[in-house]
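Trainee: Once you've had a glance at the structure underneath, I'll fire off some questions.
Since every read-out is calculated from the coordinates, none of them should be taken as a lab result. Because the structure is predicted, anything quoted here is derived from the model rather than measured. All Cβ positions, even for glycine, are placed from backbone atoms using ideal geometry, and neighbour counts span all protein chains on display.
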Amino acid sequence: MNTLYIVIGVVVILILWVVASYNSLIKLVNQAKEAWADIDVQLKRRYDLIPNLVNAVKGYASHESTAFEKVTAARSAAMGAGNIADKAVAENQLAGALKSVFAIAEAYPDLKANQNFLSLQNELSDTENKIQAARRFYNGNVRDLNIRIESFPGNAIASMFHFAKMEFFQLGDDEAAAKNPVEVKF
C-alpha cells in the first residue's frame, strides 16, 4: 500500500512539474510576442512620420526625386516584410534611405531651420530611440525563451509540446556601430 502512495506521489509531482514547465514556456512566448508588438507599434509610428518628412524636404529639394523614391520604396518594403529576418533587412534599407534624405537636408540651411522639419526630425529621432529600447526588450525576452527551450529539463517539455526558438531582431548596423566610435561633427 505504501508503495502505491509513493508511485502516485511521484506521478502527481511529475505532472505538476510538466504543467509548471509548460506554463512558464507559454509565459515566455507571450512576453516575446508582446515585446514584438511594442516594436511593431514604434515601426508603424516611424512609417507614418516618413511621408511627412519626405514632403518637407521635397519642398526644398524637388530635384532630388531618386532619393525620395528610394525612401518610399524602402518604406513600402519594410511595411510589407513578413518575418523578423526580412523585417531587419528592410529596416536597414529604410535607415540607409533616410540617411540620404537627411544628407539632402544638410545642403539647405532654410530647411534645417524650418520648424516643421525640425519637429519631424525630433519625432523621428525619438521614435528611433523607442525602437531601440523596444528591440532590446524583445531580444531579452527571446533570449530567455531560447535559453529555456535549449536547457535541460526545459528542452524535454519544449520538444514534447513543439515549442520553437524565436529569432532575435538584429539590425545590420548594430555590429558596425559597436565596433566604430561615434563621429561627432561641430
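Trainee: Does anyone have the angle between helix 115-150 and the longest principal axis of the chain? Alpha-carbon axes, 0 to 90°, nearest 10?
Mentor: Orientation of helix 115-150: about 20 degrees from the principal axis.
Trainee: Whole-Hz Karplus ³J(HN,Hα) for the range 30-36, in order, using 6.51 cos²θ - 1.76 cosθ + 1.60 and θ = phi - 60°, x for Gly and Pro?
Mentor: 3J(HN,Hα) across the range 30-36, in whole Hz: 5, 5, 5, 5, 5, 5, 5.
Trainee: Next question. For the range 19-107, which GluC sites (Glu not before Pro) are both in a DSSP coil and crowded by at most 10 other Cβ atoms within 10 Å?
Mentor: none
Trainee: Which of the peptides 112-118, 134-140, 2-8 is most tightly packed, and how do the rest follow, going by the mean number of other Cβ atoms within 10 Å of each residue?
Mentor: So the peptides 112-118, 134-140, 2-8, ranked by packing, come out 134-140, 112-118, 2-8.
Trainee: Which value in deg cm²/dmol, rounded to the nearest 500, describes the helix-derived mean residue ellipticity at 222 nm for the chain, given -39,500 (n - 2.57) per DSSP H run of n ≥ 4 and division by the residue count?
Mentor: Roughly -28000 deg cm²/dmol at 222 nm, from the helical runs in the chain.
Trainee: Okay, moving on. FRET efficiency for ALA107 and ARG45, Cβ-Cβ distance as r, R0 = 30 Å, nearest 0.05?
Mentor: Here the calculated transfer efficiency is 0.65.
Trainee: Quick one: Karplus J couplings for the range 52-64, per residue in order, coefficients 6.51, -1.76, 1.60, θ = phi - 60°, nearest Hz, x for Gly and Pro?
Mentor: So the Karplus estimates, Gly and Pro as x, are 5, 5, 4, 5, 5, 6, 4, x, 9, 9, 5, 7, 9 Hz.
Trainee: Describe numerically, in nm with one decimal, the distance between label points set 7 Å from Cα along Cα→Cβ at ASP38 and at ASP86.
Mentor: Rounded to a tenth, the inter-label distance reads 2.6 nm.
Trainee: Also, quick follow-up: Beyond 23 Å between alpha-carbons counts as too far, so tell me which of LYS130/LYS165; LYS33/LYS165; LYS44/LYS165 fall in that bin.
Mentor: Going by Cα-Cα distance, LYS130/LYS165; LYS44/LYS165 fall outside the 23 Å limit.
Trainee: According to a simple spin-label model (label point 7 Å from Cα along Cα-to-Cβ), what is the distance in nm between ASP144 and ASP126?
Mentor: Those two pseudo-labels are separated by 2.8 nm.
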